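The values are calculated or read from the model by the stated rules, or taken from the named source; none is laboratory data. This one's a predicted model, so the numbers in the text were calculated from it and none came from an experiment. Here the Cβ is made from the backbone with ideal geometry for all residues, glycine too, and neighbour counts use every protein chain on show.
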Amino acid sequence: MTVKNLPPLVTVFGGSGFVGRHVVSKLVKRGYRVRVAVRRPDLAGFLLPAGYVGQISLVQANLRYPQSVERAVEGSVHVINCVGILFESGRNTFDAIQETGARTVAEAAKKAGAKLTHISAIGADVNSGSSYARSKGRAEESILSLMPDAVILRPSIIFGPEDNFFNKFGAMARRLPFLPLIGGGKTKLQPVYVEDVAEVVGRSVDGAVKSGTIYELGGAEVMTFRECLETVLRVTNRERPLISIPFGIASLIGSIASLIPFVAPPLTADQVELLKKDNVVSDAAAKEGRTLCGLGIRPVVPGSILASYLVHFRPHGQFTGSGKAA
């Protein structure tokens, strides 16, 4: 096979992460060559069997170092940025990774003449009280100023086998005598399946998604935070009281937890700030077809998936029957 007959090359930043690995899988099934750009290529070898020999390549890149980003996108026709962090640690701050880093990827894609798909988040807002949401909002502005034809995807809470939401509360239900109902549990969420998000990314690379557009990706059901925790308890067959914790106290707990070195905080003050606002698809996005349904994708219902990976949080794993909960 000559070089000019090779399938198009797509670079995926953060391709070994929760969302990224599903994106890589979608792309290789479509026949693309995929270059996975990650900080630790030695830890991303598990991706290689997803494609045929040579279809997936691994390259070292760090969004804080522009030269490594430029090398990673050379020769690519499309660039996907899946990089995001849930809390700050050392030099990996929201501003450095989700704002400056995102702009670095956009600059490199523009220089290489590649198209860009960027994964942001519902709630991205330069005026938000959350540092996470502000960095996401500023990133969107920077990207669209550099590349007006970029596709930006704003998912709600993403769920799937390796998620950091339902798995987190499943683990808490196993260890703790109660679950925290932050702010009374009234915040509305619209959990979206990771495979649905990856499918939209795949379509954007295919050119089947309108360029220069911000899509909001929410799942089949709008659930309150309380309903999410109740679902976790039901699926894991556990009985735990839900104790309401005011936002102020939860924020204090999150601030203290963030001070513990070398340990990922179960909750941060910034995450509490995010929970003060609903995380659902806007009426404008729904009306304009900038959603999964607008793209002809029928969202997966959380209940049809959760049991498949929360089963290990049950008292006796898959052998837990339908008897009395623990």
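A few comments on the model shown:
- The set of residues in region 174-195 being in a loop (DSSP other than H, G, I, E, B) and in contact with a Phe, Trp or Tyr (Cβ under 6 Å, 6 or more places away or on another chain) consists of Thr187, Pro191.
- Candidate set: region 44-87, residues that are among the polar types (S, T, N, Q) and assigned to a loop (DSSP other than H, G, I, E, B); chosen: the one surrounded by the fewest Cβ atoms within 10 Å (Cβ to Cβ): Gln55
- Residue satisfying condition, being within 17 Å of Ile80 (Cα to Cα), among the basic types (Lys, Arg) and in contact (Cβ under 8 Å) with a residue 12 or more places away in the chain, within set Lys168, Lys136: Lys136
- Given (1) of a type in the set (Asp, Glu); (2) surrounded by fewer than 20 Cβ atoms within 10 Å (Cβ to Cβ); (3) out of contact with any Gly (no Cβ under 8 Å at 6 or more places or on another chain), number of the condition Asp125 does not satisfy: (3)
- Any hit, region 206-223, residues being crowded, with 16+ Cβ neighbours inside 10 Å and in a helix (DSSP H, G or I): no
- Tally of residues being at pLDDT 95 or above, outside any helix (DSSP H, G or I), over 17 Å from Phe94 (Cβ atoms) and not β-branched (Val, Ile, Thr) across region 240-275: 5
- Residue check, Ala285 at pLDDT 95 or above and either of a type in the set (Gly, Ala, Ser) or in contact with a strand residue (DSSP E or B) (Cβ under 6 Å, 6 or more places away or on another chain) (or both): yes
- When restricted to residues that are in a helix (DSSP H, G or I) and not small (Gly, Ala, Ser), region 88-116 contains 12.
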